[in-house]
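Q: Got a structure for you, written out below as structure tokens; questions coming shortly.
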Amino acid sequence: MATSAQRYYLTIDDLARARGSINELSFNGNSPESFAALLQSALREPTLWQRWRAMQADPDAIDPSLGVSDPAATATATQSDLHCDVQVTTTLPHAILKHRLGLLIGPNWKLRDVKAA
């Protein structure tokens, strides 16, 4: 796990249509604020990961290090023209952020930049 916080800048082209492939875990709103709150919770607490893990054929075979969380993670999102800009600050590795985003909104996001926080 990374020790220093990184700031990730993401873009979601159409938040209202951005969905993950597992309905029970997917984001189902359309406001940037509700998405940011859900993403922040998914990074701060292991609940989303635990729910996903329980759905796997062999939950015990899933690497527990994938379930790490960052209680200080923050996420903000704002609507800008037709797309949504998201800023995430976390100590979690990119792979963890990518997995949680995948559960929530699938491949419907683009990483624009990463900077030290």
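Q: If N30 satisfies every condition in (1) part of a loop (DSSP other than H, G, I, E, B); (2) more than 22 Å from C84 (Cα to Cα); (3) among the polar types (S, T, N, Q) but one, which is the exception?
A: With respect to (1) part of a loop (DSSP other than H, G, I, E, B); (2) more than 22 Å from C84 (Cα to Cα); (3) among the polar types (S, T, N, Q), N30 is out only on (2).
Q: Same structure again: Taking the stated definitions as given, is R19 more than 11 Å from the chain's Cα centre (by Cα) and in a helix (DSSP H, G or I)? Before the answer, list the steps.
A: Numbers: more than 11 Å from the chain's Cα centre (by Cα): yes; in a helix (DSSP H, G or I): no.
For R19, the condition - more than 11 Å from the chain's Cα centre (by Cα) and in a helix (DSSP H, G or I) - is not met.
Q: A follow-up question, please. I'm told A18 meets every condition in (1) touching a strand residue (DSSP E or B) at 6+ places or on another chain (Cβ under 7 Å); (2) modelled with pLDDT under 95; (3) of a type outside the set (S, T, N, Q) except one. Can you identify the failing condition by its number?
A: Of the numbered conditions (1) touching a strand residue (DSSP E or B) at 6+ places or on another chain (Cβ under 7 Å); (2) modelled with pLDDT under 95; (3) of a type outside the set (S, T, N, Q), the odd one out for A18 is (2).
Q: So which residues in segment 45-86 are touching a strand residue (DSSP E or B) at 6+ places or on another chain (Cβ under 9 Å) and either under 20 Å from G106 (Cβ atoms) or surrounded by fewer than 18 Cβ atoms within 10 Å (Cβ to Cβ) (or both), if there are any at all?
A: If the condition is that a residue be touching a strand residue (DSSP E or B) at 6+ places or on another chain (Cβ under 9 Å) and either under 20 Å from G106 (Cβ atoms) or surrounded by fewer than 18 Cβ atoms within 10 Å (Cβ to Cβ) (or both), then A72, T74, A75, T76, A77, T78, Q79, S80, H83, C84, D85, V86 are the ones that fit.
Q: What number of residues in segment 1-30 are more than 22 Å from R51 (Cβ to Cβ) and surrounded by fewer than 13 Cβ atoms within 10 Å (Cβ to Cβ)?
A: Number of matching residues: 7.
Q: Also, quick follow-up: What are the residues in segment 33-84 that are part of a strand (DSSP E or B) and out of contact with any helix residue (DSSP H, G or I) (no Cβ under 7 Å at 6 or more places or on another chain), if any? Talk me through it step by step, then tell me what you get.
A: Initial filter on segment 33-84 (part of a strand (DSSP E or B)): 74-80, 83-84.
S80, H83, listed by residue number.
Q: Then there is this: Of all residues being assigned to a loop (DSSP other than H, G, I, E, B) and of a type outside the set (G, A, S) in segment 91-110, which is surrounded by the fewest Cβ atoms within 10 Å (Cβ to Cβ)? Just the residue, please. Steps first, please.
A: Taking segment 91-110 as the starting set, the residues that turn out to be assigned to a loop (DSSP other than H, G, I, E, B) are 91-93, 106-109.
Filter once more, keeping what is of a type outside the set (G, A, S): 91-93, 107-109.
On the way: T91: 19, L92: 22, P93: 15, P107: 11, N108: 19, W109: 19.
Looking at the filtered set, the residue picked out is P107.
Q: If the Cβ limit is 9 Å and pairs must be 6+ apart or interchain, which residue in segment 21-33 that is free of Cβ contacts under 8 Å to residues at least 12 places away in the same chain pairs with which residue that is among the charged types (D, E, K, R)?
A: N28/R19
The values are calculated or read from the model by the stated rules, or taken from the named source; none is laboratory data. As the structure is a computational prediction, the values presented were derived from the model and not from experiment. As a convention, Cβ positions derive from the backbone with ideal geometry for all residues, glycine included, and neighbour counts pool all protein chains shown.
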